[in-house]
Amino acid sequence: MATGTADFVVIANRLPVDRVTAPNGDTLWRTSPGGLVTALEPVMKSNGGAWIGWHGAADEKVKPFDHNGMHLVPVPLSNDEVEEYYEGFSNATLWPLYHDVVAPPEFHREWWDAYVRVNRRFAEKAATVANEGAVVWVQDYQLQLVPTMLRELRPDLRIGFFLHIPFPPTELFQQLPWRREILEGLLGADLVGFQMPGAAQNFVRLVRQRVGHKTHRDMIYLPDGRTVLAKAYPISIDAAGFEELARTPEVIARAAEIRESLGNPRTILLGIDRLDYTKGLRQRLRAFGELISEGSVHVDDAVFVQVATPSRERVQQYKLLRDDINRLVGRINGDVGRIGQQPVTYLHASYPRQEMAALYRAADVMVVTPLRDGMNLVAKEYVACRYDDQGALVLSEFAGAASELKSAYQVNPHDINGMKSMMLAAINASPRENGRRMKAMRKQVMENDIELWANNFLEELTSDRELHEKNPRP
Ligand code: GDG
């Protein structure tokens, strides 16, 4: 088969750009903010790299184009495919299943068919774009079948896969009617990366039990002699970039302005999440509401700012959640608020990165309480912005970030009383105590940034490891 020209190819559900209309009516592409593109842009530029992904508009074909030194290759999706492959199988089947079924996953055969069809389209596109022997990096749960589909077309490629969300325990994964197909899809990769060692172990165990391949620690031995390595690569952020932004005079001024407009309370608590049922918004707001209503925190002294970025708004569970949170915030403010004193400021909107940095700077207590989260970058961004070594982080044990940020005030988000006492401890901590904790967390985040993450993964993927086993398996 004829090959393409790119020596490094990233495949992700979305291209790293959004289409915007300029004031003069021209349409332009703007790089969408995010750590992944920040980390991969330099690698792409120096390797003649290409990025394959959907451009964000259904029922529309867009030609490949260059943007910021990257070659971008759009993959078209029809409106039905957006519903069935993306909103359906990816976000109403896999997403809840992989997050400990905190919402019930839905299983529909036509969603699965669309998932297979779209994964094949991505694989076929990659097969035409990649140069002989190229390195291909497939991203996330929407594209788990791509590694094997691509390997069948192009056995010469070095293929990596990274899962950004948790990989569930075997008991939950077994529910999936297409469990074997997903495992076999992933096994087309030479390296399968996860956020946590436990997720890699879940995967290896499932491959052994369900597919019947031999495994030894993090290595899987396929009958054709190929090996697949399953390992943890905890993702991070552009830590220096966030710190630099937080140090700008504009952000410092804006942080002061935010405090002022909230009435200069003693304590500002902050939550920033996509509006998602995995993020534990309900539990955290209830805990805060009870602290106020019981009088442990005075309504004049504290404000909880919750930013909930609109997300997956056409998926049923997200519609329900939105109404639920609206009601809960209304109830808390109605029950314990006073004129001019709303204990919860709720913002259902998304903001520029600069505003996020100002919010992080303004917040005394950052509250990150997911019921399950692959990593959680918000926790790391908060830490990166606190170059003053102040502020406190309340962090769920069930976020991947908890295993790195050990000095956070760690909580079980299902335990409302436990969460209340940790929030109270964070609110009342001395600057000395906060300084000690924040210093330790900053060391971790600033030293392990997204560039290191990408380098570690790509180094392993391109290492001289014998992918085709010569020696007999152990
Ligand atoms: C998945 C996994 C894993 C949010 N609101 C705004 C905004 N954001 C940015 C944050 C942060 C990102 O979005 C959210 O990342 P998280 O890690 O917190 O969560 P998911 O979106 O669920 O991400 C997660 C991640 O993938 C990476 O592997 O950590 O576990 O679920 O960067 O800052 N950014 C801007 N405006 C907003 O309103 N500009």
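When you scan the stretch 368-378, do you find a residue that is out of contact with any strand residue (DSSP E or B) (no Cβ under 9 Å at 6 or more places or on another chain), within 16 Å of the ligand (Cβ to nearest atom) and within 15 Å of MET441 (Cα to Cα), even just one?
So far as the stretch 368-378 goes, yes, one or more of its residues are out of contact with any strand residue (DSSP E or B) (no Cβ under 9 Å at 6 or more places or on another chain), within 16 Å of the ligand (Cβ to nearest atom) and within 15 Å of MET441 (Cα to Cα).
So that you can scan it fast, the table gives a plain yes or no per residue for (1) at pLDDT 95 or above; (2) within 18 Å of ALA363 (Cα to Cα); (3) among the small types (Gly, Ala, Ser); (4) more than 22 Å from the chain's Cα centre (by Cα):
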{"site": "ARG254", "(1), (2), (3), (4)": "yes, yes, no, yes"}
{"site": "GLY271", "(1), (2), (3), (4)": "yes, yes, yes, no"}
{"site": "ARG282", "(1), (2), (3), (4)": "yes, no, no, no"}
{"site": "LEU321", "(1), (2), (3), (4)": "yes, no, no, no"}
{"site": "LEU328", "(1), (2), (3), (4)": "yes, no, no, yes"}
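What number of residues within the stretch 5-34 are under 26 Å from LEU150 (Cα atoms) and within 15 Å of the ligand (Cβ to nearest atom)?
Counting residues in the stretch 5-34 that are under 26 Å from LEU150 (Cα atoms) and within 15 Å of the ligand (Cβ to nearest atom) gives 6.
Mind checking which residues of the stretch 378-436 are among the charged types (D, E, K, R) and more than 28 Å from SER293 (Cβ to Cβ)?
LYS380, GLU381, ARG386, ASP388, ASP389, GLU404, LYS406, ARG432, ARG436, listed by residue number.
If you scan the stretch 387-414, which residues turn out to be in a loop (DSSP other than H, G, I, E, B) and within 13 Å of the ligand (Cβ to nearest atom)?
Passing the criteria: PHE398, GLU404, LEU405.
Evaluate the stretch 331-345: report whether one residue or more is surrounded by 19 or more Cβ atoms within 10 Å (Cβ to Cβ), free of Cβ contacts under 8 Å to residues at least 40 places away in the same chain and within 13 Å of the ligand (Cβ to nearest atom).
no
Cβ-Cβ under 7 Å, sequence separation 6+ or interchain: first residue in the stretch 21-40 and in contact (Cβ under 8 Å) with a residue 12 or more places away in the chain and not assigned by the TED database to the domain that holds GLN354, partner near the ligand (Cβ under 10 Å from one of its atoms) and of a type outside the set (Asp, Glu). Which pairs?
PRO33/ARG353; GLY35/ILE237; GLY35/LEU377; GLY35/ILE450; THR38/ILE450; ALA39/ILE450; ALA39/TRP453
Give just the number: which of (1) touching a Leu at 6+ places or on another chain (Cβ under 9 Å); (2) in contact (Cβ under 8 Å) with a residue 24 or more places away in the chain does GLU313 not satisfy?
For GLU313, the exception is condition (2).
Search the stretch 348-360 for residues that are under 20 Å from TYR387 (Cα atoms) and without any contact (Cβ under 8 Å) to a residue 24 or more places away in the chain and pair each with any residue that is of a type outside the set (Asp, Glu) and surrounded by 14 or more Cβ atoms within 10 Å (Cβ to Cβ) when their beta-carbon atoms are under 6 Å apart and the residues are at least 6 apart or on different chains.
none
So which residues in the stretch 1-56 are β-branched (Val, Ile, Thr) and closer than 25 Å to ALA239 by Cβ, if there are any at all?
VAL10, VAL17, THR31, VAL37, THR38, VAL43
Checking the conditions here, which among ALA357, ALA349 is surrounded by 17 or more Cβ atoms within 10 Å (Cβ to Cβ), within 14 Å of the ligand (Cβ to nearest atom), closer than 30 Å to LEU245 by Cα and outside the structural domain of PRO105 (by the TED database)?
Of ALA357, ALA349, the one residue that is surrounded by 17 or more Cβ atoms within 10 Å (Cβ to Cβ), within 14 Å of the ligand (Cβ to nearest atom), closer than 30 Å to LEU245 by Cα and outside the structural domain of PRO105 (by the TED database) is ALA357.
Write out, first by first residue and then by second, each pair whose Cβ atoms fall under 6 Å of each other, whose residues are 6+ apart or on separate chains, and whose first residue, in the stretch 269-282, is outside any loop (DSSP other than H, G, I, E, B) while the second is near the ligand (Cβ under 7 Å from one of its atoms) and not polar (S, T, N, Q).
That search, which allows pairs on different chains as well, returns ILE272/VAL307; ILE272/VAL378.
The values are calculated or read from the model by the stated rules, or taken from the named source; none is laboratory data. It should be emphasised that the depicted structure is a prediction, and the values quoted were computed from it without experimental measurement. Ideal geometry is used to build each Cβ from the backbone, glycine not excepted, and the neighbour counts take in all protein chains shown.
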